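Below you'll find the structure, written out as structure tokens, and then a few comments.
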Amino acid sequence: MGIKLRILTVWIPKFLIKRELNGTNNITNNYLDQLIVEQGGAPPKQEVLKGNLADRRKMMAMGHNKRVKLLMDLLGETTAMEEGSKRMFEAGLILGQNARKGLGVGNGVEDTIKAAKILYKILGIEFSTENTDGNIILWVSSCALSKYYTPQTCSILSYADKGVLKGLNKNMDLKFVEKITLGSKRCKACINMEGGI
């Protein structure tokens, strides 16, 4: 485990959370905007995140909602969900690969989960994991974005999570099976690992 990963597991300075939140906002919006432009649409103006962390997360979520709504208007819901999900996976993959390099994440499950916790903390998401019979279940107990996301936005953006995990550890795959935005008390995701855990 890298020294940076070890430190940030315990404490993340607020300026770093703001910086990383801006980076996440920019890359996810850029990928959605690119798709909007390809479909002949005009993406909304890229907003600079301002205020405290809660305000910034809300602004990011509302910006994602606008883009997803625009995509659905352009493509219809089914195609928008498919195409948007592909783009968010690509965006997440880059975020995960950058984090892997920057944090010095090793190949083990423990390092990957610790890095994911750091990245989720930036978004205002808290989760725990349980390992049952070689399967990892990820439980999201609270999500700052779920207060604002539409179910469609949540569905598309969850593919960024899938990409991030793949970027952190190419052998791991994530699939959400329950979501707060669809009425569940917690989000539940299954993590599979090539070759088992």
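Would you kindly state the longest site-free stretch of the chain, with sites defined as trypsin sites (Lys or Arg not before Pro) in a DSSP loop (not H, G, I, E, B) surrounded by at most 14 other Cβ atoms within 10 Å?
The reported range is 51-169.
For residue 155, what is the net charge nearby, where nearby means another residue's Cβ is under 14 Å from its Cβ and Lys, Arg count +1, Asp, Glu -1?
Residues near residue 155 contribute +2 overall.
Solvent-accessible area of residue 125, probe 1.4 Å, all protein chains present, reported in Å² to the nearest ten, please.
We get 20 Å² for residue 125.
Between residue 90 and residue 62, what length in nm is gained on full extension when 0.36 nm per residue of separation is reduced by their alpha carbon distance?
My answer for the length gained is 8.0 nm.
Skipping prolines and chain starts, which residues have an amide H placed within reach, meaning under 5 Å, of the one on residue 127, given they are 5 or more residues away or on another chain?
141
In the full protein assembly as shown, how much of residue 37 is accessible to a 1.4 Å probe, in Å² to the nearest 10?
Counting only protein heavy atoms, residue 37 exposes about 90 Å² to solvent.
Is the shape of the chain best called rounded, prolate or oblate, per the rule: a/c under 1.5 gives rounded, else a/b larger than b/c gives prolate, else oblate, with a ≥ b ≥ c the square roots of the Cα gyration tensor eigenvalues?
Prolate, since a/c reaches 1.5 and a/b exceeds b/c.
Using only Cα atoms, find the angle between the long axis of helix 151-168 and the longest principal axis of the chain, and express it within 0 to 90 degrees, rounded to the nearest 10.
Helix 151-168 sits roughly 40 degrees off the main axis of the chain.
Can you send over the solvent-accessible area of residue 146, 1.4 Å probe, protein chains only, in Å² to the nearest 10?
30
The values are calculated or read from the model by the stated rules, or taken from the named source; none is laboratory data. What you are looking at is a predicted structure, and each value in this text was computed from that prediction instead of being measured. All Cβ positions, even for glycine, are placed from backbone atoms using ideal geometry, and neighbour counts span all protein chains on display. Side chains included, ligands, DNA and RNA excluded: accessible areas come from the protein's heavy atoms. Shrake-Rupley method; radii C 1.70, N 1.55, O 1.52, S 1.80 Å.
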